[in-house]
Amino acid sequence: MNRPELAIEARTVHKSFRDKQTGKTEDALKSVDLQIPMGSLTALVGPDGAGKTTLLRLCAGLMRPDQGELKVLGIDVAQHPQPVQDRISYMPQRFGLYEDLSVQENLDLYADLHGVPAADRIERYRRLLHMTDLARFTERPAGKLSGGMKQKLGLACTLVRSPDLLLLDEPTVGVDPLSRRELWQIIQQLVEEESLSVVVSTAYLDEASRCDEVYVLHEGELLAQGTPDLLCERALGCCFTAVPGKGESPRQLQSRLIDHPDLIVDAVPHGGEVRFVTQANVTQEALEPLLRGARTQAVPPQLEDGFMVLLRKRLGAASPDVDSLERQRSIAGPPDEVVIEVRDLVRTFGDFTAVASTSFDVRRGEIFGLLGPNGAGKTTTFRMLCGLLPSSSGFLQVAGVNLRTARASARRRIGYVSQKFSLYGNLTVLENLRFFGGAYGLHGKRLSARIVQVMEQFDLSGQARTRSGELPGGFKQRLAMAAGLIHEPEILFLDEPTSGADPLARRAFWRRITALAEGGTTIIITTHFMEEAEYCDRIMIQDAGKRLAMGTPQQVRELVSTADPAQGRLSMEDTFIGIVEHSRNGSAGHSEVNP
Amino acid sequence: MSSARQGGFWLRLFSLIRKETRQLLRDKSNLMIGIGLPIVLILIFGYGVSLDVRNIRLALVLDDHSPVGQDFVSGLTLSRYFEPLSADSMVDAEQMMKVGTVEGILHLSSDFARQLSAGHAQVQLIVSGTEAPRAGPIVNYLNTQVALWQQKRADRAGIDPSSGARVELVERIWFNDANTSTWFLVPGLIVLIMTLVGTFLTALVMAREWERGTLEALFVTPVRPTEVLLAKVTPYFGVGMLGLALCMIAGRVLFDVPINGSLPVLLFASMLYLLVALGIGLLISSATKNQFLASQIAILASFLPALMLSGFVFDLRNLPIGIQVISYALPATYFIELIRTLFLAGNFWPLIIKDCLILGAYAVVLLSLARVVTRKRLD
């Protein structure tokens with residue numbers, strides 16, 4: 001069999017879907033041209049809805065393009081899917097592990113389906129189980145593995161033999177930083193040892209920068225392609241860090257910078273400083289009114305910087321109008337008052353301890369981040385705070401009451417935005433807001449006034465009569481926020497509000513959050529994006545139910561001592577991994593899941 | 001590589017069947033539906049029919065006011081099984097039965113005493129068949145009652161009851177000319193259980209794979225759609241046959257249902273019907289790809305029609321023409337007809353051949369359709 005030069009070759013590939021309910025057709029891919037060579041590690045990058053999954057499914061022969069030509073391993077996959085499927089391996093976003101089958105049985109099934117000879121299996125299994133660190137769990141049903149381990153097992157199942165091409169669809173989505181790093185170690189090891197051809201889709205740009213070639217997709221179109229270095233070059237000479245002046249927090253400086261899209265492409269808080277990208281040809285003098293004397297230093301561009309330049313060019317400015325959010329000082333009370341008090345909080349499920357003796361305080365107007373790997377106890381802590389779950393023992397007070405036993409009037413003082421955005425899909429935006437307002441006891445003129453206000457604050461005005469189920473992801477998130485804030489709560493709970501959102505939407509989201517905090521609203525948030533912890537006033541890192549670290553991002557960072565000072569400032573992600581690993585290595589025999 | 005692919009069929013099929021069987025055995029809900037539910041159904045239908053029948057509301061029409069007649073009914077009024085109500089005429093009694101005040105009418109004609117002295121008296125009994133399970137026992141009780149009365153009368157007269165005057169109960173069941181009984185229900189139950197296992201369970205398990213996204217990964221392997229379908233069908237075929245065995249054993253041991261026809265033919269016909277049911281289940285799940293919808297459709301489109309329109313409970317001849325058309329489009333109708341004949345009547349070859357051919361055609365068409373509909377595609 002002669003090896004083709006190109007793993008994937010797409011010519012003007014077009015794919016659209018018809019929505020069964022509305023009858024509208026939406027283009028998932030618009031005339032995409034691709035040429036991915038064999039033996040390379042290629043990333044498809046883009047926010048949700050960019051067309052990454054559709055492209056991979058087309059390549060796997062699970063769908064047919066409406067127009068254009070798509071060759072995989074030199075075979076026209078639309079005409080002959082089976083010969084392609086015989087040679088490639090594909091890991092869908094939700095890998096279909098059979099949850100009642102054990103780890104070993106899942107592996108055996110895929111080995112049988114791929115016809116792996118018995119003689120080759122022993123060595124292959126040994127290697128895969130070693131790499132994925134699953135050797136101890138071969139008898140465990142796949143359904144009882146943690147999220148990260150499931151993902152690793154899914155990868156192992158697609159790698160029971162060395163495929164001619166490996167397609168991975170967001171293998172790290174919803175996976176904590178530790179498992180994410182382990183998955184990438186496996187992928188990179190295999191690429192080196194077996195010169196695999198891999199195409200991986202991801203929303204994480206740091207993952208894309210590990211690849212040979214990056215394709216940037218956005219709303220079905222190919223925005224750019226090239227090596228990570230080439231994409232970085234778009235932001236060359238425009239990247240700086242600034243140290244905020246005395247009496248100013250990085251977040252305040254960051255807000256000021258990002259509010260000027262004519263000068264600034266992007267700004268994020270980073271390690272007590274602000275990292276920002278300017279528009280091309282912006283002089284230092286033009287920036288001075290924004291920086292107000294903050295010291296700046298030029299830094300080399302990263303892939304995310306290049307990506308932001310691309311997106312801004314494409315989409316224009318997207319900074320929200322936050323004046324009314326900042327002005328909205330609805331809360332009476334001293335600014336430093338403790339509004340959430342947790343002492344020795346414990347929650348057990350049977351003999352499993354989800355949260356072990358945890359204590360912390362949150363003050364009014366703070367942004368408090370809960371971070372931790374999958375299964376660390378974040379969600380359980382969160383639910384106890386919101387009064388959705390009783391605690392097993394310990395003391396818990398939110399806004400002066402225990403929400404579990406509090407009257408409805410006390411609950412009105414908090415707002416909650418859940419991970420899946422509990423909206424009614426067949427109600428319109430207006431109807432949803434009216435419902436949630438009514439549920440919090442608003443009515444009449446006051447409700448109407450609040451609806452007008454939140455629609456403006458969250459940029460929903462053009463969509464009042466659209467059913468919320470038909471809104472694009474970014475709109476849904478804003479509507480969920482609007483619904484959670486309609487009654488002007490003192491405390492807002494946000495459970496992974498940014499997962500799956502593109503970087504622009506995330507910047508706009510955080511700009512609103514920082515504005516809310518300025519106005520005195522207290523915010524408790526969980527997130528998988530470690531760099532988002534930089535926006536928080538204080539963070540708490542949990543693992544296996546225990547509190548590992550708490551403090552400002554800077555204080556937490558300092559807990560991890562770097563032997564090599566030349567390495568510079570640790571990223572929040574490295575900090576996180578350092579702290580969790582240190583704790584795990586410290587406690588002997590501790591494993592990711594409880595036995 | 002291509003040689004490995006050729007030989008791979010059996011390996012892949014075996015591996016998939018092993019996977020399905022393991023999943024089936026580990027998922028308690030499947031076993032509950034596959035084995036627990038048939039047992040519950042057998043007990044409900046079997047014993048539900050032969051449960052004690054008491055408080056029988058009976059209209060008494062006594063056209064004969066002679067002491068003998070009074071003596072005859074006094075046995076009934078004292079019995080704990082009956083709640084007699086006297087009616088002035090047959091017209092009144094019929095009215096009472098129509099509105100449901102009584103379940104039966106016992107009619108002594110004006111010449112009862114005269115008939116009896118002539119050596120042979122007839123008593124008319126009309127029982128409402130609307131509650132079919134009660135009709136049979138009511139008739140039986142009354143027969144016993146009549147026999148008791150005769151025994152007592154003979155004892156008092158000091159004569160041999162067999163040589164004396166006889167009272168004959170002339171019974172009729174109204175509103176339901178096919179008197180349903182356990183014998184009649186058990187063969188029907190087999191149809192219900194096989195429909196349940198074949199269609200409902202299969203629709204669920206296949207839709208579950210679509211829903212959980214497990215098929216997406218499975219499809220991008222050398223596996224062929226036929227192998228996926230065969231592997232799904234095999235273990236559930238086994239469960240269906242187990243349900244059949246349970247019903248047959250229960251029928252024989254608990255309810256003494258005779259099997260007058262040939263057992264191999266019965267098994268063969270059941271397999272054919274099971275394939276039909278599996279085909280419907282696979283079609284439903286391929287069309288819906290959603291467990292909730294699949295279970296709703298499986299119940300509405302296969303289980304309920306098999307229960308109500310196949311002749312399991314209601315006699316097809318009494319149905320309106322439009323509904324009869326639907327009934328005769330249901331494979332369950334032919335299987336019920338066939339299996340009842342085999343159980344109760346015996347080998348009636350023209351019917352066996354006709355029904356087997358129809359079921360076989362259904363099986364081929366449905367399974368082929370399922371194969372065509374199941375493609376390794378997501379769009």
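Figures for the structure shown
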{"item": "Subset of segment A:504-527 that is part of a loop (DSSP other than H, G, I, E, B) and either surrounded by fewer than 22 Cβ atoms within 10 Å (Cβ to Cβ) or more than 13 Å from the chain's Cα centre (by Cα) (or both) - its residue that is modelled with the highest pLDDT", "result": "A:Thr521"}
{"item": "Residue count for segment A:65-86, restricted to those that are at the interface with chain B (Cβ under 8 Å from one of its Cβ atoms) and in contact (Cβ under 8 Å) with a residue 12 or more places away in the chain", "result": "3"}
{"item": "Lone qualifier among A:Val173, A:Val160, A:Val191 - being aliphatic (A, V, I, L, M), in the same structural domain as A:Tyr98 (by the TED database) and not in a loop (DSSP other than H, G, I, E, B)", "result": "A:Val191"}
{"item": "Residue that is within 18 Å of A:Leu165 (Cα to Cα) and at pLDDT below 90, where the choices are A:Gly49, A:Gly39", "result": "A:Gly39"}
{"item": "In segment B:108-122, the residues that are surrounded by fewer than 22 Cβ atoms within 10 Å (Cβ to Cβ) and closer than 11 Å to B:Leu62 by Cα", "result": "B:Ser109, B:Ser110, B:Asp111"}
{"item": "Residue match in segment B:229-243 (condition: within 30 Å of A:Asp164 (Cβ to Cβ), within 14 Å of another protein chain (Cβ to nearest Cβ) and touching a Ser or Thr at 6+ places or on another chain (Cβ under 7 Å))", "result": "yes"}
{"item": "Any pair with Cβ under 7 angstrom, 6 or more apart, that starts in segment A:523-534 at a residue that is free of Cβ contacts under 8 Å to residues at least 12 places away in the same chain and outside the structural domain of A:Gly375 (by the TED database) and ends at one that is surrounded by 22 or more Cβ atoms within 10 Å (Cβ to Cβ) and part of a strand (DSSP E or B)", "result": "none"}
{"item": "Lone unmet requirement of (1) in contact (Cβ under 8 Å) with a residue 12 or more places away in the chain; (2) surrounded by fewer than 19 Cβ atoms within 10 Å (Cβ to Cβ); (3) more than 14 Å from chain A (Cβ to nearest Cβ) for B:Thr226", "result": "(3)"}
{"item": "Lone unmet requirement of (1) within 14 Å of another protein chain (Cβ to nearest Cβ); (2) out of contact with any Phe, Trp or Tyr (no Cβ under 8 Å at 6 or more places or on another chain) for A:Leu62", "result": "(2)"}
{"item": "Test: A:Pro261 is assigned to a loop (DSSP other than H, G, I, E, B), within 14 Å of chain B (Cβ to nearest Cβ) and either touching a residue at least 24 places away in the same chain (Cβ under 8 Å) or not hydrophobic (A, V, I, L, M, F, W, C) (or both)", "result": "no"}
{"item": "Matching residues in segment A:173-196 - criterion: being of a type outside the set (D, E, K, R) and touching a Pro at 6+ places or on another chain (Cβ under 8 Å)", "result": "A:Pro177, A:Leu178, A:Ser179, A:Leu183, A:Ile187, A:Leu196"}
{"item": "Residue satisfying all of: in segment A:194-207; in a helix (DSSP H, G or I) and out of contact with any helix residue (DSSP H, G or I) (no Cβ under 6 Å at 6 or more places or on another chain); surrounded by the fewest Cβ atoms within 10 Å (Cβ to Cβ) among these", "result": "A:Glu194"}
{"item": "For B:Ala217: the one exception among (1) within 14 Å of chain A (Cβ to nearest Cβ); (2) surrounded by fewer than 20 Cβ atoms within 10 Å (Cβ to Cβ)", "result": "(2)"}
{"item": "Among (1) free of Cβ contacts under 8 Å to residues at least 24 places away in the same chain; (2) farther than 28 Å from A:Ile340 by Cβ, the one test that A:Ser468 misses", "result": "(1)"}
{"item": "Some residue of segment B:185-206 being at positive phi and at pLDDT below 85", "result": "no"}
{"item": "Residue match in segment B:248-255 (condition: buried (at least 23 other Cβ atoms within 10 Å of the Cβ), touching a residue at least 12 places away in the same chain (Cβ under 8 Å), more than 9 Å from chain A (Cβ to nearest Cβ) and not aliphatic (A, V, I, L, M))", "result": "yes"}
{"item": "Those residues of segment A:442-464 which are part of a loop (DSSP other than H, G, I, E, B) and either within 22 Å of A:Leu516 (Cα to Cα) or of a type in the set (D, E, K, R) (or both), in sequence order", "result": "A:Leu442, A:Phe458, A:Asp459, A:Leu460"}
{"item": "Sole exception among (1) within 14 Å of another protein chain (Cβ to nearest Cβ); (2) closer than 30 Å to A:Met308 by Cβ for A:Gly147, by number", "result": "(1)"}
{"item": "When residues of segment A:7-31 are limited to those that are surrounded by 20 or more Cβ atoms within 10 Å (Cβ to Cβ) and under 26 Å from the mean Cα position of the chain (by Cα), the one modelled with the highest pLDDT", "result": "A:Leu29"}
{"item": "Strands (runs of 3 or more DSSP E) contained entirely in segment A:23-87, each with at least 2 residues that are in contact with a His (Cβ under 8 Å, 6 or more places away or on another chain) and assigned by the TED database to the domain that holds A:Ser201", "result": "A:25-37, A:67-72"}
{"item": "Residue check for A:Asp100: without any contact (Cβ under 8 Å) to a residue 12 or more places away in the chain, outside any strand (DSSP E or B), facing chain B (nearest Cβ under 10 Å) and not β-branched (Val, Ile, Thr)", "result": "no"}
{"item": "The listed residue being in a helix (DSSP H, G or I), away from chain A (no Cβ under 14 Å) and over 30 Å from B:Ala203 (Cα atoms), out of B:Asp64, B:Asp92", "result": "B:Asp92"}
{"item": "Residue that is farther than 25 Å from B:Leu189 by Cβ, modelled with pLDDT under 80 and assigned by TED's automatic domain parsing to the domain that holds B:Thr144, where the choices are B:Gly104, B:Gly75", "result": "B:Gly75"}
{"item": "A:Gln185 vs. criteria away from chain B (no Cβ under 13 Å), assigned to a helix (DSSP H, G or I), surrounded by fewer than 22 Cβ atoms within 10 Å (Cβ to Cβ) and under 24 Å from the mean Cα position of the chain (by Cα)", "result": "yes"}
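Each row is one residue, and each column tells you yes or no for (1) farther than 17 Å from B:Thr144 by Cα; (2) modelled with pLDDT of 80 or more; (3) not in a helix (DSSP H, G or I).
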site: B:Pro38; (1), (2), (3): yes, yes, no
site: B:Ile44; (1), (2), (3): yes, no, no
site: B:Gly48; (1), (2), (3): yes, no, no
site: B:Asp52; (1), (2), (3): no, no, yes
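The values are calculated or read from the model by the stated rules, or taken from the named source; none is laboratory data. This one's a predicted model, so the numbers in the text were calculated from it and none came from an experiment. Cβ coordinates were reconstructed from backbone atoms using ideal geometry, including for glycine residues, and neighbour counts include every protein chain displayed.
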